Amino acid sequence: QVQLAESGGGLVQPGESLTLSCVISGRISVRNEVKWYRQAPGNERQLVGSILIDGHTYLVDSVKGRFSISRDIAKKTVYLQMNSLKSEDTAVYYCNLPFGLQSYWGQGTQVTVSS
């Protein structure tokens with residue numbers, strides 16, 4: 001049974017930072033592509049970025065230069081480092097691991113950026 005669990009969300013002020021974690025459990029390697037998505041109220045779930053099998057990362061333009069993605073293979077954890085947070089970053093953040101015909105999701109973690 002593959003499970004993903006996000007943590008690290010919270011309430012922060014504009015300009016502050018947060019680090020989200022996605023812990024992967026079960027018989028699957030963290031060396032697979034893992035994606036981060038977010039969903040703001042009333043909006044569709046949108047891709048934030050991903051870390052590829054070879055460790056390269058991709059980030060959408062709206063977060064490029066502020067967010068970064070990394071992983072700790074030993075801890076089976078993928079991180080989303082978020083700096084210079086803006087109110088428009090407020091959303092529930094999800095990690096996703098697509099694997100063959102399966103697509104595994106975590107339960108999400110709320111990030112609220114507000115003064």
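Just so it is clear, none of the values below were taken in a lab; they were calculated from the coordinates. Treat the numbers as computed from the prediction; the structure is a model and nothing was measured. Quick reminder, even Gly has a Cβ in these numbers, built from the backbone with ideal geometry, and neighbours come from all protein chains shown.
Using 0.36 nm per residue and subtracting the Cα-Cα separation, the extra length available between H56 and A5 on full extension is 16.2 nm.
For segment 1-96, the list of GluC sites (Glu not before Pro) that fall in a loop by DSSP and count at most 13 other C-beta atoms within 10 angstrom reads E16, E44. Translational diffusion of segment 2-64, estimated by Stokes-Einstein from the Kirkwood radius over alpha carbon pairs at 37 °C in a medium of 0.692 mPa s, is 242 µm² per second. Here is the P(r) of the chain: all C-alpha pair distances, binned every 10 Å from 0, give 15, 50, 29, 6, 0 in whole percents. The residue among S68, L11, Q46 whose Cα reaches farthest toward the positive pole of the charge dipole of the chain, with charges on the beta-carbon of Lys, Arg, Asp and Glu, is S68. In straight-distance terms, cross-link reach from K86 covers every one of the lysines whose alpha-carbon lies under 26 Å from its own, apart from those fewer than eight places away in the same chain; here that gives K35, K64. FRET efficiency for the pair E33 and S84, taken as 1/(1 + (r/R0)^6) with r the Cβ-Cβ distance and R0 = 41 Å, rounds to 0.95. The loop-placed trypsin sites (Lys or Arg not before Pro) in segment 14-111, going by DSSP, that have at most 13 neighbouring Cβ atoms within 10 Å of their Cβ come out as R27, K75, K86.
Comparing V111, I24, Y93 along the charge dipole axis of segment 22-115, the residue lying farthest to the positive side is I24, per the Cβ-charge model.
Taking a sphere under 12 Å around the Cβ of F67 and counting the other residues whose Cβ falls inside, with K and R at +1 and D and E at -1, yields a net charge of +2.
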